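To start, the structure under review is shown below, and the notes come after it.
What follows is calculated from the coordinates using simple rules that are stated; it is not laboratory data. Predicted model, so just to flag it, every value in this text is computed and none were measured. Please note: Cβ atoms are built from the backbone with ideal geometry, for glycine as well, and neighbour counts cover all protein chains shown.
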Amino acid sequence: MALEIIPFDATEFLDTEESQTHLIEDAFESGDAGYIAHALGVVAKARGMSQVARDAGVTREALYKSLSEKGDPKLSTLIGVAAALGYKLTATRVDASAREDERRSA
C-alpha cells in the first residue's frame with residue numbers, strides 16, 4: 001500500500017494575528033534573510049496575497065517571487081509588505097558583546 005503524502009500548508013495554521021506575529025518576530029530575530037522573506041510570504045498568503053500585493057504596491061507575481069525562500073526582495077518591497085501587514089521595520093543597536101556571542105555560536 002502506497003503512503004499518501006499531503007502537502008503541509010502553514011497558512012492553514014496561521015489564522016490569528018498573534019500566530020502570524022510570532023512567526024514574523026521569530027524570523028526577524030533569526031536574522032536569516034531567507035527565513036524573513038519566507039515568513040512574510042506565509043503571512044501574506046494567509047491574509048490574501050492579492051490584497052497584500054496591492055497594499056504593498058507590487059504585483060502579486062512579484063510578491064510571490066520575492067517572498068519565496070530563495071527570493072531576495074528589495075528593501076522597498078520589504079517595507080511595503082511590512083506596512084501592508086500592519087508592521088514597521090525598525091533597527092535596534094546590538095552591543096559589541098552580544099555580536100561577539102552571535103559570531104561564536106554561528
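At-a-glance table
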{"item": "Crossing angle, helix 33-47 versus the chain [Cα axis fit, 0-90 degrees, rounded to tens]", "result": "40"}
{"item": "From the coordinates shown, P(r) over Cα pairs in 5 Å bins from 0, in percent corresponds to which of (i) 2, 10, 17, 20, 19, 12, 8, 5, 3, 2, 1, 0, 0, 0; (ii) 3, 15, 28, 29, 18, 7, 1; (iii) 2, 12, 20, 22, 16, 10, 8, 6, 2, 1, 0, 0", "result": "(iii)"}
{"item": "Degrees, to the nearest 10: 75-84 long Cα axis against longest axis of the chain", "result": "60"}
{"item": "Mean separation of Cα contacts under 8 Å, 6 or more apart, over the residue count of the chain: relative contact order %", "result": "22"}
{"item": "Residue-averaged [θ]222 nm for the chain, counting only DSSP H segments that reach four residues, each worth -39500 (n - 2.57)", "result": "-18000 deg cm²/dmol"}
{"item": "Point-to-point label distance, residue 60-residue 32, nm (Cα→Cβ direction, 7 Å offset)", "result": "2.9"}
